[in-house]
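The values are calculated or read from the model by the stated rules, or taken from the named source; none is laboratory data. Not measured: the values here are computed from a predicted model. Note that each Cβ is placed from the backbone with ideal geometry, even for glycine, and that neighbours are counted across all protein chains shown. Accessible surface areas use protein heavy atoms only, side chains included; no ligands, DNA or RNA. Shrake-Rupley method; radii C 1.70, N 1.55, O 1.52, S 1.80 Å.
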Amino acid sequence: RSSDAFCIREDLSGMCFSCNKSFSRKELIEQDMVDVSYDYGFMGHRSISKKTFETYGVLTKSLNGRAIEVAFPYYGPDDIECVKIRELDRKNFQIKGLGFKDCRMFGQDIFDPGSKKSVTIFEGEFDAMAGYEMLRGNSACISLKSGAGSAQTDLRKQYDYINSFDRIYICFDN
């Protein structure tokens, strides 16, 4: 808790030069040594707007004003929510909530079946949000739950939903 001998490193760990002790990122957050907040935020990633973050219900966790995690909501039967949290610097994911395997695809909860002329299916959550902006909301932009590896399972489970649109576009990375 030094006033002038403590520094936060670029990897969000810390060092106190007064007592010569290092602190992990997790320790800094747990000890309230840094300002951590969740909010709808523009984080500069792919220039996705604040409005789109709000539309999809995506929250950003900031540490000292720098985005470190993003929380993507998923909904399952009876709208039970799971959250997929992505650490931005490590690209790690964790799931909070029960029943992720039963959840619908990301963004599916904001577009009713057949509500647009088309559905565009992306590989990732950021891709779906960027697609929504590029297409100016004229297509239901959703993403698979776990990338291309889950495509067959996700598409089979959501066949009726996907088939409710006049056109189906698949927009995977490779």
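Details
- With respect to the conditions (1) under 18 Å from Lys145 (Cα atoms); (2) outside any loop (DSSP other than H, G, I, E, B); (3) at pLDDT 90 or above; (4) touching a helix residue (DSSP H, G or I) at 6+ places or on another chain (Cβ under 9 Å), Thr52 falls short on a single one, namely (1).
- Region 121-171, residues that are hydrophobic (A, V, I, L, M, F, W, C) and open to solvent by 70 Å² or more (accessible area, probe 1.4 Å): Met134, Leu135, Ile168, Ile170
- Region 22-32, subset out of contact with any strand residue (DSSP E or B) (no Cβ under 7 Å at 6 or more places or on another chain) and surrounded by 12 or more Cβ atoms within 10 Å (Cβ to Cβ), residue modelled with the highest pLDDT: Ser24
- Hey, Ala67 open to solvent by less than 60 Å² (accessible area, probe 1.4 Å) and touching a Lys or Arg at 6+ places or on another chain (Cβ under 9 Å) or not: yes
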